[in-house]
Ligand code: PNS
């Protein structure tokens, strides 16, 4: 049984993330979406909110579950005997930032990272852009699943 993890902040999950998770699902028997923390980032959504939004957004994909990891992704990958860490790449900037982390994760855990190229028509989507659009009242409904659009609407109203 092959198992991959898809780690990220998912603040919030977007259609770009869902595309990568669907691609991972076609490559591995089981996929665990890992909602993790980058200690340098401040998040709009709480850990529980990010998990709940991701869970609903991937509910249509079989053999995919969502886990909150409050620690190192490498430790979690080792604990569950993951065969790979899957990361989406939208372009060379993603590759440049993901490469050192992949090397570190392999150094820590021995688990390889697999870079997956996302659907090009989704390459402009980033959680940070979605939050910026929501903040300034711009349209973001076609960039995120409906449950996320609703949650963003409520968050910016609050
Ligand atoms: O979506 P992001 O913000 O690019 O995701 C980054 C994330 C959360 C996957 C990364 O910061 C991470 O793996 N955090 C958990 C702690 C960890 O394992 N850090 C890497 C070694 S310093």
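In terms of overall dimensions, the range 1-89 has a Cα radius of gyration and Dmax of 12.0, 36 angstrom.
For the range 3-157, calculate the relative contact order in percent as a whole number, restricting contacts to Cα pairs under 8 Å that are 6 or more residues apart.
Numbers: 234 pairs, mean separation 45.7, N = 155.
Computed value for the range 3-157: 29 percent relative contact order.
Sorting 34, 130, 156 on the 10 Å Cβ count, fewest up front, what's the list?
On the way: 34 22, 130 25, 156 14.
Listed from fewest to most nearby Cβ atoms, that is 156, 34, 130.
I'd like the distance between the alpha-carbon centres of the range 52-81 and the range 1-47, rounded to an integer number of Å. About 7 Å separates the Cα centre of the range 52-81 from the one of the range 1-47. A Förster radius of 22 Å, combined with the Cβ-Cβ distance separating residue 99 from residue 59, puts the computed FRET efficiency at roughly 0.10.
Between the helical axis of 47-57 and the longest alpha-carbon principal axis of the chain there is an angle of about 90 degrees. Seen against the Cα atoms of the chain and their longest principal axis, helix 15-27 is set at about 30 degrees.
By how many degrees, 0 to 90 and rounded to 10, does the Cα axis of helix 92-109 deviate from the longest principal axis of the chain? The helix 92-109 is inclined about 40 degrees to the chain. Here the gap between residue 70 and residue 135, fully extended at 0.36 nm per residue and compared with their Cα-Cα distance, gives a gain of 20.6 nm. Per the Debye formula on identical point scatterers at the alpha carbon atoms of the range 1-157, with no solvent, log10 I(q)/I(0) at q = 0.21 Å⁻¹ is -1.51. For the peptides 10-23, 81-94, 136-149, the ranking by mean Cβ contacts within 10 Å, running from highest to lowest, is 10-23, 81-94, 136-149.
The numbers here are math on the coordinates, done by the rules we state, and not lab data. Keep in mind that this is a model prediction, so the values were computed, not measured. Cβ atoms come from the backbone with ideal geometry, glycine included; neighbour counts cover every protein chain shown.
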